[in-house]
Amino acid sequence: GAAEAVGGLTALTGTAPVLLTGDNRRAADRLAAETGIRDVRAGLLPQDKVAAVRELADAGRRVMVVGDGVNDAPALAAAHTGVAMGRAGSDLALETADAVVVRDELAALPAVVRLSRTARRLVVQNLVIAGVCITALVVWDLAGQLPLPLGVAGHEGSTVLVGLNGLRLLRESAWRQG
C-alpha cells in the first residue's frame, strides 16, 4: 500500500513525499523506486531527520512526518503534524505523534489528511455560524429590545445548527477515499 499512499498524498497535497530513513542507501533507493519517491535521504540519525524536517519547514512547506520507531519520535515532534503508525509503532512514537493511525495501512494516510481538512473546514464554518448568530443577537439587544425567550431561542438555535453541521463528518461520503 505504500505506492498507493505516496500517489494519494502527492495528488492531495501537490507535493511529492520525501523519504527520511536510517536505513542504508541501497535499501532506501529500492523502496523509493517501488513507491515513486524521488527525494531520498538515507542513513539518517534522529537528529538528521529533525534537521531535514526543519529544512523543509524553513523552505515554506507544511511538513507531515509519518513514522513508527523510537528514531522517528524527534522528527514527529519537529513536524507541523506527526502521524504514528499504531500497531507496530513504538510507545515513544505513539506518544509524540499528533495523530495515530491504528491500522498499519499506509493507504489510510490520504483519507486521514482529507478527513482532517474537512474537519477543519467544518470547525471554521461552525465558528462563523456561532459568531454571526451571537453578533446578531447582541446587536438586536443593543439596538432595540430583544425579548429574553427569543434571545435564548436564537442562542440555542445556533448551537443546534453548529451541532448539525458537525454531524456532517459522520456521513459516509466524508470517509470515502478518492
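The values are calculated or read from the model by the stated rules, or taken from the named source; none is laboratory data. Since the model is a prediction, treat every value here as computed from it, not as a measurement. Every residue, glycine among them, receives a Cβ derived from its backbone with ideal geometry; neighbour counts consider all protein chains shown. Note: areas computed on protein heavy atoms with side chains; ligands, DNA, RNA excluded. Shrake-Rupley method; radii C 1.70, N 1.55, O 1.52, S 1.80 Å.
Solvent-accessible area per residue in the chain equals 62 Å², computed with a 1.4 angstrom probe and all protein chains kept.
Spin-label model, residue 118/residue 16: points 7 Å from Cα along the beta carbon direction are separated by 3.0 nm.
Here is the list for the range 69-121: trypsin sites (Lys or Arg not before Pro) lying in DSSP coil, each with at most 13 other C-beta atoms within 10 angstrom of its C-beta, are 87, 103. Could you please state how large a percent of the accessible area of the chain is carbon and sulfur, counting protein chains only and using a 1.4 Å probe? The computed percentage sits at 59. Count Lys and Arg as plus one, Asp and Glu as minus one, and take only other residues whose Cβ is under 14 Å from that of residue 28; the net charge is then +1. Note on the chain: with charges restricted to the Cβ of Lys and Arg (+1) and Asp and Glu (-1), its dipole about the Cα centre is near 440 debye.
Per residue of the chain, the DSSP helices (runs of n ≥ 4 H) give a summed -39500 (n - 2.57) that works out to -19000 deg cm²/dmol at 222 nm.
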